[in-house]
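Read through the structure below, which is laid out as structure tokens, and then see the notes.
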Amino acid sequence: MARKRTMNYREMRADFDEDEDRRTDEEGDEDEDEEDDGDDEEDEEPGAEAEAGEEGEEGEDEDAPPKKKKAKPKPKPKPKRTRVAKVTRMRVLWGVFNNSHQIVASYDYPKKEEAEAHAARLMADKKTTHFVQPVKEPIEEKKDEKKEK
């Protein structure tokens with residue numbers, strides 16, 4: 001099997017840039033030739049040159065870019081409001097789970113031994129797997145208690 005040859009893109013880019021430079025140089029030479037041709041036409045009609053000169057002065061004023069009006073300073077953008085995520089306090093409990101990952105019972109964090117004993121009892125009675133795992137629950141704060149304090 002033949003291996004596919006990888007292309008060196010840097011060399012290809014350098015070749016492309018060289019060709020592009022050569023093309024722009026050639027175009028620049030053609031523009032100079034066209035300007036020389038324009039001089040020959042002006043020499044043929046001397047009367048037209050005087051008229052063109054007068055019109056050219058007026059035309060320059062018209063062709064000149066219009067004076068830019070003073071730009072009004074842009075008003076400062078209003079600071080964007082960012083929403084602050086509502087912080088909910090969480091508490092950790094010990095949960096007793098069955099094999100289907102359903103919570104059977106929950107105990108406060110300091111009562112880990114009781115949770116493990118409950119899981120052991122369920123395993124002995126029902127002969128199914130039960131395990132203990134920490135669970136986080138949001139703390140529900142009552143608004144009435146906050147107002148009174």
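Read the figures in this text as sums done on the coordinates, not as results from a lab. Computed from a prediction, not measured in an experiment: that's the story for all the values here. So basically every Cβ, Gly included, is an ideal-geometry build from the backbone, and we count neighbours across all protein chains shown.
A few points about this structure:
- Interchain or long-range residues, amide H under 5 Å from A105's placed H: V96
- FRET efficiency estimate (nearest 0.05) - Cβ-Cβ, R5 to I139, R0 41 angstrom: 0.05
- Label reach from V92 (point 7 Å along Cα→C-beta): in segment 107-135, amide nitrogens under 11 Å belong to 109-110, 134-135.
- Electrostatic tally near A120: other residues with Cβ closer than 13 Å to its Cβ, Lys and Arg +1, Asp and Glu -1, net 0.
- Note that segment 127-141 has calculated 3J(HN,Hα) couplings of 6, 10, 7, 9, 9, 10, 8, x, 10, 9, 10, x, 7, 8, 9 Hz, one per residue in order, obtained from phi through the Karplus relation 6.51 cos²θ - 1.76 cosθ + 1.60 (θ = phi - 60°); glycine and proline are x.
- Proximal charge balance of W94 [Cβ under 12 Å; K/R count +1, D/E count -1]: -1
- Label-to-label distance, nm, for residues given as R81 and Y109 (7 Å Cα→Cβ offset): 3.5 nm
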